[in-house]
Structures are given as C-alpha cells and as structure tokens.
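Structure, as structure tokens:
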Amino acid sequence: MNRRGYFISLEGPDGAGKTTQQEILAQAVRSLGLTVTCTREPGGTALGDAVRTILLNPAYRNMTILSEVFLYAAARAQGYREIIGPALQRGEVVISDRYLDSSLAYQAYAGGADENFVLGVNLKAIEQRLPDRTFLLDLPPQDGLARRAACHRDRMELKPLEFHRRVREGFLLLATRFPERITVVDAALPEDEVADFIWRQCRPDLQSLTDSTSL
Ligand code: TYD
C-alpha cells in the first residue's frame with residue numbers, strides 16, 4: 001500500500017445502523033493492534049458540529065441546494081484537515097460515518113445539484129483523498145426512517161419519501177460505478193451479520209497494514 005494509513009467510510013440512508021457498525025468495526029480493528037480514529041460527517045470538529053446544527057435545523061427549510069453543497073463541503077474540509085488527514089499521516093485506521101458519497105447521493109443525485117460540481121468541490125475539500133473502502137449499508141428508506149421517531153426528524157429526514165428513494169438509487173448507482181471501492185451490504189440483516197460481513201471484507205487489508213507497520 002503506497003498511501004499512509006487506511007481509510008474506511010460507512011454510507012447509507014438515515015437509520016441504516018452506520019454508527020453501531022462503526023463502533024463494532026473500530027473494536028475489531030483495535031483487536032489487531034492498530035490505532036483507530038472514528039469521525040462522522042457532518043461534524044467531528046467544532047466548526048463541523050456548528051455547521052451540522054445549521055444543516056439539520058428544520059427552521060432552514062428554504063436552504064438552497066447550493067448552500068447545502070457548500071455547507072457539507074465546508075464541514076468536510078475542516079474534518080479532513082483537522083482529523084482525517086493527520087490520522088492517516090500517523091498511519092492510523094480512520095472510520096468515517098458518512099463521507100463524500102453522501103454529498104453525491106443526497107445533494108447531486110437526489111437534490112439535483114450538478115454532479116461534477118459536487119464532486120469537484122468535495123475532492124478539493126478532502127485534498128483528493130478518497131476512502132480505501134466504502135461500505136454502503138443499503139436499506140429501503142421507509143425502513144430507515146421508521147427507526148427514527150417522527151417527532152425527532154431533522155431537516156434532511158423531513159424531506160419527502162421520494163427524495164429518500166432517490167438517495168438510495170444514487171448510492172446504489174455509485175456502487176456500480178466504483179465497484180472496487182464501494183461494497184453494498186444488506187443493512188436489513190441482523191447487526192452481527194452485517195458486522196461479520198464488513199469485517200471479512202476489510203480484514204485482509206488491515207492485516208497487511210499490521211504486517212507492514214511491524215516491519
Ligand atoms: P445524521 O444524523 O448524521 O444522519 P445519520 O445518523 O443517518 O447518518 O445526519 C446527517 C444528515 O445529513 C443525513 O440526513 C444525511 C445528510 N447528509 C447529506 O445530505 N450530505 C452529506 O454530504 C452528508 C455527510 C450528510
């Protein structure tokens with residue numbers, strides 16, 4: 001591996017169980033003796049968390065799609081510079097709960113923003129560092145949203161079901177376009193089966209990272 005560290009992102013609809021899988025995976029990676037940094041988007045830094053409260057606040061229901069693209073990208077740029085980049089530089093394993101594929105699925109595919117523009121802005125934000133592996137926890141949107149109490153839905157979750165259907169389509173399309181990076185996981189399976197599947201997929205790469213760091 002010529003790049004430093006190892007970078008995993010978890011993607012999928014709201015309520016797919018990404019946060020739980022992040023915790024389980026982090027524990028498994030640590031059991032190999034590797035150092036793990038977990039982060040989430042939008043957020044993870046003070047600035048990112050502040051941007052997150054704007055993005056998810058239902059009061060901003062008239063937010064334009066372009067504002068949305070820039071705000072997610074701003075949180076991402078900060079997260080890359082403050083957390084992800086340095087952790088990879090130290091040779092750590094980074095696990096991010098969402099990353100740039102979310103912007104491609106939510107803002108471009110479902111939200112109608114120009115895809116090349118969204119990609120360009122975000123590649124700049126992440127200094128061109130795509131994840132080594134991405135797991136797409138796929139779930140019908142109504143199942144994911146049902147896991148969230150209706151009265152606690154944020155600005156994104158309050159978008160119509162049709163929007164969330166397009167998000168899912170967008171994610172699946174990305175998986176067919178980048179099959180070497182993105183692996184689709186059936187998030188309707190029991191939690192431990194999802195975790196086992198993810199672990200089986202990335203263990204060999206992580207094992208070789210252990211071997212190379214112990215040289
Ligand atoms: P969050 O509560 O983190 O959702 P989840 O727990 O399901 O991951 O809220 C993040 C919301 O922001 C979620 O609805 C997805 C959306 N989002 C985008 O639209 N674009 C992005 O680039 C990112 C990172 C998230």
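The values are calculated or read from the model by the stated rules, or taken from the named source; none is laboratory data. Because the structure is predicted, anything quoted here is derived from the model rather than measured. Positions of Cβ are backbone-derived with ideal geometry, glycine not excepted, and every protein chain shown enters the neighbour counts.
If I filter the range 95-102 for residues that are closer than 25 Å to Leu173 by Cβ, away from the ligand (no atom under 11 Å from the Cβ) and either among the hydroxyl-bearing types (Ser, Thr, Tyr) or surrounded by 14 or more Cβ atoms within 10 Å (Cβ to Cβ) (or both), do I get at least one hit?
Yes, some residue in the range 95-102 is closer than 25 Å to Leu173 by Cβ, away from the ligand (no atom under 11 Å from the Cβ) and either among the hydroxyl-bearing types (Ser, Thr, Tyr) or surrounded by 14 or more Cβ atoms within 10 Å (Cβ to Cβ) (or both).
Go through the range 141-183 and report how many residues are within 12 Å of the ligand (Cβ to nearest atom) and of a type in the set (Phe, Trp, Tyr).
2
Which number in (1) at pLDDT below 95; (2) surrounded by fewer than 16 Cβ atoms within 10 Å (Cβ to Cβ) marks the one condition that Leu173 misses?
With respect to (1) at pLDDT below 95; (2) surrounded by fewer than 16 Cβ atoms within 10 Å (Cβ to Cβ), Leu173 is out only on (1).
Pairs only if they're at least six apart or on different chains, beta carbon under 6 angstrom, first in the range 1-22 and more than 10 Å from Leu137 (Cα to Cα) and in contact (Cβ under 8 Å) with a residue 24 or more places away in the chain, second of a type in the set (Gly, Ala, Ser) and away from the ligand (no atom under 15 Å from the Cβ); list them, first residue then second.
Close Cβ pairs (under 6 Å, with a partner that is of a type in the set (Gly, Ala, Ser) and away from the ligand (no atom under 15 Å from the Cβ)) amount to Arg4/Gly91; Gly5/Gly91.
If you take the residues of the range 1-16 that are within 9 Å of the ligand (Cβ to nearest atom) and at pLDDT below 95, which of them is nearest to Glu169 (Cα to Cα)?
Among residues in the range 1-16 that are within 9 Å of the ligand (Cβ to nearest atom) and at pLDDT below 95, the one nearest to Glu169 (Cα to Cα) is Pro13.
In this structure, does Phe163 turn out to be over 16 Å from the mean Cα position of the chain (by Cα) and aromatic (Phe, Trp, Tyr)?
Yes: the conditions hold for Phe163.
How many residues are of a type in the set (Phe, Trp, Tyr), more than 20 Å from Thr35 (Cα to Cα) and over 16 Å from the mean Cα position of the chain (by Cα) when one looks only at the range 176-206?
Of the residues in that region, 1 qualify.
Taking the options Arg155, Arg168, name whichever one is in contact with a Phe, Trp or Tyr (Cβ under 8 Å, 6 or more places away or on another chain) and within 27 Å of Pro58 (Cβ to Cβ).
Arg155 is the lone residue from the list that is in contact with a Phe, Trp or Tyr (Cβ under 8 Å, 6 or more places away or on another chain) and within 27 Å of Pro58 (Cβ to Cβ).
Within the set of pairs 6+ apart or on separate chains, which have a first residue in the range 36-49 that is within 13 Å of the ligand (Cβ to nearest atom), a second that is part of a loop (DSSP other than H, G, I, E, B) and among the hydroxyl-bearing types (Ser, Thr, Tyr), and C-beta atoms under 8 Å apart?
Qualifying pairs under 8 Å: Glu41/Tyr99.
Kindly list the number of the only condition in (1) within 25 Å of Leu206 (Cβ to Cβ); (2) outside any strand (DSSP E or B) that fails for Tyr109.
Among (1) within 25 Å of Leu206 (Cβ to Cβ); (2) outside any strand (DSSP E or B), Tyr109 violates only (1).
Please count how many residues of the range 108-139 are buried (at least 21 other Cβ atoms within 10 Å of the Cβ), in contact (Cβ under 8 Å) with a residue 60 or more places away in the chain and touching a Ser or Thr at 6+ places or on another chain (Cβ under 9 Å).
So the count comes out to 4.
Just to verify a result, which residue in the range 50-75, among those that are of a type in the set (A, V, I, L, M) and more than 13 Å from the ligand (Cβ to nearest atom), is nearest to Ile95 (Cα to Cα)?
Across the range 50-75, the extreme among qualifying residues is Ala50.
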